[in-house]
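Colleague: Quick one: the structure is below, questions incoming.
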Amino acid sequence: AQQEERVMRFPMIGDTVCVLCRNARVRSLLHVQVLGCDYSCFSAAMLEDALGMLADQQSITFVVAGPERADGAWEVCGEIRQWQGRRRVYVVCVVDTFDAETVERCLTAHADRVVKRDCDDADLITSVGSKT
């Protein structure tokens with residue numbers, strides 16, 4: 001009997017992808033984009049909801065979409081980094097406004113990648129699977 005080898009389109013830094021967004025429609029769209037590439041994926045509206053499910057995970061990729069205001073993607077990114085501990089965590093911030101200030105805030109909060117919300121599937125999946 002031949003063994004079937006599972007091949008992913010892009011290398012993953014995390015074994016699990018968690019899509020975080022309070023907006024249910026945006027969360028569902030991002031989830032479908034990531035899930036369509038054979039990643040192990042789940043989504044949550046709030047970081048607190050996701051952390052309970054991730055307690056035993058050691059390698060996680062977060063796709064964080066948030067409004068550019070007080071509770072924006074960069075603040076969630078900062079909370080993820082506080083929780084990270086010894087886990088391997090990779091964070092992609094998905095933002096509405098891709099301007100210098102927004103990108104700088106996300107990167108200052110230690111996001112690994114920042115992409116515009118209306119990016120195409122290939123850009124998002126490349127960002128999720130990228131290690132640099």
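Colleague: Taking other Cβ within 10 Å of each residue's Cβ, how do Cys21, Cys41, Cys119 sort, fewest first?
Modeller: Final ranking by Cβ density, sparse to dense: Cys119, Cys41, Cys21.
Colleague: While we're on this one: Using the C-alpha gyration tensor of segment 16-129, what are the square roots of 5 times its eigenvalues, in whole angstrom, with the largest one first? Write down the numbers at each step before the final one.
Modeller: Numbers: eigenvalues 68, 57, 33 Å².
They are 18, 17, 13 Å, listed largest first.
Colleague: Follow-up question, since we're still on this one. List every residue whose amide H lies under 5 Å from the amide H of Val17, counting only residues 5 or more places away in sequence or on a different chain, with H placed 1.01 Å from N in the peptide plane.
Modeller: Residues meeting the criterion, in which the H sits 1.01 Å from N, are Ser40, Cys41, Phe42, Thr61.
Colleague: Okay, moving on. If you average the C-alpha positions of segment 80-100 and of segment 50-64 separately, how far apart do those two centres end up, in angstrom?
Modeller: 12 Å
Read the figures in this text as sums done on the coordinates, not as results from a lab. Everything quoted here is computed from the prediction, not taken from an experiment. All Cβ positions, glycine included, derive from the backbone under ideal geometry; neighbour counts span all protein chains shown.
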